[in-house]
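If you scroll down you'll find the structure; I have some questions about it.
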Amino acid sequence: MKLKLSLLAFLFISLSFAFQFQLSEDSEVSILTFGPGTSLNDAFGHNAFRIKDNAKGLDLVYGYGQYDFDAPNFYLKFARGKLNYLISRHYYSDILNYYSSVDRTIKEQVLNFSKLEKQRLFNFLENNYKPENRKYLYDFFYDNCATKIRDVSNSVTDNSILYKTPPNFEPKTFRQLIYEHVKKNTWGSLGIDIALGSVVDRKATAKEYMFLPKYIYSFFEVSKRKDNSDLVKSSKVIYEKREENSSNFLYSPLLIFGLVSLFILFITYKDFKNTKRTKWLDTILFSIIALVGIVLLFLWFGTDHTATWQNYNLLWAFPFNILVVVQLMKNEPKKWLRSYLKFLVIMLSLLTMHWIIGVQIFAIALIPILVAIAIRYCFLIQHLKN
């Protein structure tokens, strides 16, 4: 009997959404903006649509940020930028309980949509949630949980939204916008600064700011409809974050890399005083640098990630260093190695120029490492000469 009742309930719910009942006059559509979480994958926040209709007992949240863990070769597709994300649908009560339990701020903006536009949005989201329509090719800057909110809103309102810039709007690059959520001296920022190329160091347009959930909130808050009415009817904070995250400098990349750099410089000084060369240090150093360079080459040419193009981190993470590792293991390497090392010093000089003139901004945690590498290169050039 219980099994039959469960099957009947499931069938009733499925049929209800299949026929997409009409929303009542008192229905509301709103945008939920969730504050950043503690891990890197949720450090930028999240947006979702909420459709509420008390007369019909409806209160659902639709978001565009769910991973498709069932996708074949999930991690390979993720690395190559070919991973499909999913639209999700949850009860509002479940969403409220989850985000408040993990202490993430929840803000709501009720949209000034007509009854027809509300129905269009509901129909659109329900159709989008069908198994054959749920997937979309994710792009961090141009097609994510935030940009979907903007684009779907434009679609169901026939592009009648006139976006205005917030009063405190300042032109920034994509990288500067990322820094608003990920502090420079963090491991997450280090990975981002190494992986992303110079393409993210251009100024973002006002529309492009809306790849971040918090700018969906701030832009929608001041925007208008074509009839000059406000886009947002009302706003409120549903849940306020209780505690601010504090970073620990003792575990920061700048400190760790600084200690590693001092170690490299200490061995280099000892080698200089003793007129010798520590082969294992050079072997490890050049191998790590080469491996980083190979990964960056793959991200540039072997993936669909547009943000990893034109990455001048390759000026220090030179992948061809892997070819000289064998020579560095020898007591008397080939004479051409000295010329190659001079070339690497020139590459580091070019990197410095790119940084100064703003072609690309590099991770601040790399500064001590780059200094140590440059000094090690100069020592090796002089040592091989002698």
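Once R0 is set to 30 Å, what does the formula 1/(1 + (r/R0)^6) return for the Cβ-Cβ distance between THR205 and THR352, expressed as a FRET efficiency to the nearest 0.05? Write out the running numbers ahead of the final one.
Values: r = 30 Å, r/R0 = 0.99.
Step by step, r from the Cβ atoms, then E = 0.50.
Go through region 329-334 residue by residue and turn each phi into a ³J(HN,Hα) via Karplus (6.51, -1.76, 1.60, θ = phi - 60°); whole Hz please, and just put x for glycine and proline.
Along region 329-334, the couplings run 7, 8, 6, 10, x, 4 Hz.
Ignoring ligands, DNA and RNA, what accessible area per residue does region 280-335 give at 1.4 Å, in Å²?
Roughly 53 Å² per residue, with all protein chains present.
Would you mind putting 48-59, 338-349 in packing order, based on average other-beta-carbon counts within 10 Å, highest first? Please report the intermediate quantities before stating the final value.
Numbers: 48-59: 17.2, 338-349: 15.5.
The packing order, highest mean first, is 48-59, 338-349.
Classify region 129-271 as rounded, prolate or oblate, taking a ≥ b ≥ c as the square roots of the eigenvalues of its Cα gyration tensor: rounded when a/c is under 1.5, otherwise prolate if a/b is larger than b/c and oblate if not.
Details: a/c = 2.54, a/b = 2.25, b/c = 1.13.
Prolate.
Please label the shape of region 238-354 as rounded, prolate or oblate, based on the square roots a ≥ b ≥ c of the eigenvalues of the alpha-carbon gyration tensor (a/c under 1.5 means rounded; beyond that, a/b larger than b/c means prolate, else oblate).
Details: a/c = 2.70, a/b = 1.49, b/c = 1.82.
Oblate shape, in that a/c is at least 1.5 and b/c is the bigger or equal ratio.
Okay, moving on. With unit charges on the beta carbons (Lys and Arg positive, Asp and Glu negative) and the dipole taken about the Cα centre of the chain, which residue among ILE361, THR283, PHE122 sits farthest to the positive side?
THR283
Checking the cross-link filter: which lysines have an alpha carbon closer than 18 Å to that of LYS330, excluding same-chain neighbours under 8 positions apart?
Output for LYS330: LYS276, LYS279, LYS385.
Per 0.36 nm of contour for each residue apart, how much would the distance between SER229 and VAL110 grow if the chain were fully extended, relative to their Cα-Cα spacing? Numbers along the way, then the final one.
Working: separation 119, 0.36 × 119 = 42.84 nm, distance 1.35 nm.
Residue separation times 0.36 nm, minus the Cα-Cα distance, leaves 41.5 nm.
Still on this structure, I have one more. Which of the DSSP-defined H helices in the chain satisfy a minimum axial length of 20 Å, computed from C-alpha atoms, and a minimum mean Kyte-Doolittle hydropathy of 0.0? Working shown, then result.
On the way: long enough: 2-19 (26 Å, 1.77); 253-274 (31 Å, 1.29); 279-301 (33 Å, 2.10); 336-357 (32 Å, 1.37); 366-385 (28 Å, 1.64).
Span-like helices, by this rule, are 2-19, 253-274, 279-301, 336-357, 366-385.
Here's another thing I want to ask about it. What ranking, highest mean first, results for peptides 264-270, 33-39 when packing means the other Cβ atoms within 10 Å averaged over each residue?
Details: 264-270: 15.4, 33-39: 17.9.
The peptides rank, most packed first, as 33-39, 264-270.
To continue, here is another question. Counting only residues 5 or more places away or on other chains, whose amide H sits under 5 Å from the amide H of TYR239 once H atoms are built in the peptide plane?
So TYR239 has HN proximity to ILE106.
What aspartates and glutamates sit close enough to LYS335 to cross-link, taking a C-alpha to C-alpha distance under 18 Å and skipping anything fewer than 8 places away on the same chain?
ASP282
Next question, about the same structure. In terms of Cα to Cα distance under 15 Å, which aspartates and glutamates are near enough to LYS56, apart from those fewer than 8 places away along the same chain?
By straight Cα distance, LYS56 reaches GLU25, ASP26, GLU28.
In square angstrom, what is the accessible area per residue of region 161-274 with a 1.4 angstrom probe? Walk me through the numbers on the way to the answer.
Details: 6510 Å² over 114 residues.
Using a 1.4 Å probe on heavy atoms only, each residue of region 161-274 averages 57 Å².
Probe of 1.4 angstrom, ligands and nucleic acids ignored: what's the accessible area per residue over region 100-149, in square angstrom? Don't skip to the end; give the middle numbers.
On the way: 2110 Å² over 50 residues.
Solvent-accessible surface per residue comes out at 42 Å².
For the chain, with all protein chains present and a 1.4 Å probe, just round the carbon and sulfur fraction of the accessible area to a whole percent.
Values: 12700 of 20640 Å².
Here carbon and sulfur together make up 62 percent of the probe-accessible area.
Here is a further query. By average Cβ neighbour count within 10 Å, what is the ranking of 128-134, 175-181, 106-112 from highest down?
Working: 128-134: 12.3, 175-181: 17.7, 106-112: 19.9.
Peptide ranking by packing, descending: 106-112, 175-181, 128-134.
The values are calculated or read from the model by the stated rules, or taken from the named source; none is laboratory data. Only a predicted model underlies this, so the values are computations on that prediction, with no experimental measurement involved. Ideal geometry is used to build each Cβ from the backbone, glycine not excepted, and the neighbour counts take in all protein chains shown. Note: areas computed on protein heavy atoms with side chains; ligands, DNA, RNA excluded. Shrake-Rupley method; radii C 1.70, N 1.55, O 1.52, S 1.80 Å.
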